[in-house]
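Notes follow the structure.
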Amino acid sequence: LQKSLNETFGADKYSRARKEVLTYMFSRPMQMALYFCTGVLDDETLFRHYALNVPFYTHFTSPIRRYADIIVHRLLSASLGVSSPIKMEKEDIQRQAEHCNDRKMASKRVQELSTDLFFSVFVRVR
């Protein structure tokens, strides 16, 4: 997709803007990643990463950024034997994951609405 977009839009002064708008529109419908506790899901096919085509996947960033990343760091550390197990039941971890998903979805929705508003103003002005 990226190669096609690069080849299609040429090199005029609006090509970058057209490419950015269409890239945004193409990627918007993609399913968002969700946090979940593996201990509450029986279907291991839900653990895979579609785009990377790997059967088991976990994602985290620096634990100073998001609460979900702190939990993942703690669970990985405990599973590697570096620290003691966290004192949370798997159902509690799943509830935390669902809360993080809800907040992430709300944040994404506000971002999309802001982008739509800006784009509408941009189109109207142009």
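The values are calculated or read from the model by the stated rules, or taken from the named source; none is laboratory data. Note that the coordinates shown come from a computational prediction; the quantities given were computed from them, not determined experimentally. A quick note on method: Cβ atoms are made from the backbone with ideal geometry, for glycine too, and the neighbour counts reach across all protein chains shown. Calculation scope for accessible area: heavy atoms of the full protein, side chains included, ligands and nucleic acids excluded. Shrake-Rupley method; radii C 1.70, N 1.55, O 1.52, S 1.80 Å.
Tabulated data for the structure shown
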item: Some residue of the range 86-98 being over 30 Å from Met25 (Cβ atoms), open to solvent by less than 60 Å² (accessible area, probe 1.4 Å), among the charged types (D, E, K, R) and assigned to a helix (DSSP H, G or I); result: yes
item: Any hit, the range 49-61, residues being loosely packed, with under 10 Cβ neighbours inside 10 Å and in a helix (DSSP H, G or I); result: no
item: Options Ala68, Ala78: the member that is within 14 Å of the chain's Cα centre (by Cα), outside the structural domain of Ala17 (by the TED database) and of a type in the set (A, V, I, L, M); result: Ala68
item: Check on Ser114, free of Cβ contacts under 8 Å to residues at least 40 places away in the same chain, more than 30 Å from Ala17 (Cα to Cα) and either in a helix (DSSP H, G or I) or not acidic (Asp, Glu) (or both); result: no
